[in-house]
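Scroll down for the structure; my scribbles are underneath it.
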Amino acid sequence: MALVKLTQITDLHLGSTRDSVLSGVRTLESFESVLHAVEQEGRGTDVLLLTGDLAKDCEPQAYQLLNRTLCEHKKQAIWLPGNHDDFALMAANLVDYPPVQIQEMGDWAVLTLDSSQPHEPGGHISDEQLLKVERGLRRLADKFVLLAMHHTPVKVGCAWLDLQQIDNQQALHQLLTAHGNVKAVITGHVHQQFEGSWNGLPIYSSPSSCVQFKQHSDDFALSNQPPGFRWLDLHPDGTVDTGVKFVQDFEQTPDLDYANY
């Protein structure tokens, strides 16, 4: 079977207009710079995994802007919500990209999970979501599975962010490992590159398409790293190759004195 090639782009924080800004960075422009960098890497036909916080403040216009941008760039995309998103508004306004929980791709399948909870920055997996995952994994017994969600279930070494990890991650881990076909987990939310192990499951986080959080910081702080993305090659034998790329020569610089996001 063929190699499956994906690109993860996360934490877009788009606003309601093309010139909306987060921490001194115009988020639509930074997102489009990432799309261009993906093309330059020869991965322009990859399916995009958009892993949450696609809007800055749940604005319908932000999702409409994203829908238009993806169509203009002729992209295939799978999305899931983050803590800054609203699933119902996403589904209503991403009209050319209906929600998909399971996307089968040859020997592989991508299984998406909603780890957000209303009005809370931290992650939680509801009983309804756990049931959907269990049913999905049963259906995909003959596939290798990549699980995608917004929040991370592990510590990334930033004290303030580590308080926002999934609070019932053990229940999810038991479910994933019981089926044996989940080969990797990808997450967003942390605005930084991370590679690790979640009790034996490979886990990866990606830089944001706008601004990055400073690594190994006790309190909220921004980094001057440019926008980035993660590429993933899913092999027919169940192995995963992955890495991170940052946009070169990005002209905008974040406001490092910005107090929050």
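The values are calculated or read from the model by the stated rules, or taken from the named source; none is laboratory data. Quick caveat, the model's predicted, so the values are computed rather than measured. Note: ideal-geometry Cβ built from the backbone for every residue, glycine included; neighbour counts use all protein chains shown.
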Can you say whether residue 12 is closer than 21 Å to residue 110 by Cα, aliphatic (A, V, I, L, M) and assigned to a loop (DSSP other than H, G, I, E, B), as far as the supplied structure shows? yes
Picking from 187, 177, the residue that is closer than 29 Å to residue 88 by Cβ and polar (S, T, N, Q) would be 187
Note on residue 194: of the conditions (1) more than 19 Å from the chain's Cα centre (by Cα); (2) closer than 23 Å to residue 37 by Cα, unmet is (1)
| Within the range 44-52, is there a residue that is within 25 Å of residue 222 (Cβ to Cβ), of a type outside the set (A, V, I, L, M), more than 12 Å from the chain's Cα centre (by Cα) and at pLDDT 95 or above? | no
Expected output for the range 142-170 (first residue in contact (Cβ under 8 Å) with a residue 40 or more places away in the chain, partner aliphatic (A, V, I, L, M) and assigned to a helix (DSSP H, G or I), Cβ below 9 Å, 6+ apart or cross-chain) is 149/172; 152/161; 153/172; 166/172; 168/130
Kindly evaluate residue 96 against the criterion of being part of a loop (DSSP other than H, G, I, E, B) and over 17 Å from the mean Cα position of the chain (by Cα). yes
For the range 69-91 the number of residues that are in a helix (DSSP H, G or I), touching a Phe, Trp or Tyr at 6+ places or on another chain (Cβ under 8 Å) and farther than 19 Å from residue 129 by Cβ is 2
Screening 161, 256, 175 for residues that are hydrophobic (A, V, I, L, M, F, W, C) and in a loop (DSSP other than H, G, I, E, B) leaves only 256
Flagged pairs (Cβ under 6 angstrom, 6 or more apart or on separate chains; first in the range 243-254, within 14 Å of residue 23 (Cβ to Cβ); second hydroxyl-bearing (Ser, Thr, Tyr) and in a loop (DSSP other than H, G, I, E, B)) are 254/23
Margin query: Suppose the filter is part of a loop (DSSP other than H, G, I, E, B), crowded, with 21+ Cβ neighbours inside 10 Å and in contact (Cβ under 8 Å) with a residue 12 or more places away in the chain; does residue 66 pass it?
Written below: no
Flagged in the range 230-251 as surrounded by 16 or more Cβ atoms within 10 Å (Cβ to Cβ) and either of a type in the set (A, V, I, L, M, F, W, C) or not in a strand (DSSP E or B) (or both), in numbering order, are 231, 232, 234, 235, 240, 244, 247, 250
The residue that is farthest from the chain's Cα centre (by Cα), considering only those in the range 100-156 that are surrounded by 20 or more Cβ atoms within 10 Å (Cβ to Cβ) and of a type in the set (Gly, Ala, Ser), is 109
Test for residue 76: is it surrounded by 14 or more Cβ atoms within 10 Å (Cβ to Cβ), closer than 21 Å to residue 13 by Cα, at pLDDT 95 or above and under 18 Å from the mean Cα position of the chain (by Cα)
no
Of all strands (runs of 3 or more DSSP E) fully inside the range 179-229, the set with 2 or more residues that are exposed (fewer than 15 other Cβ atoms within 10 Å of the Cβ) is 194-198
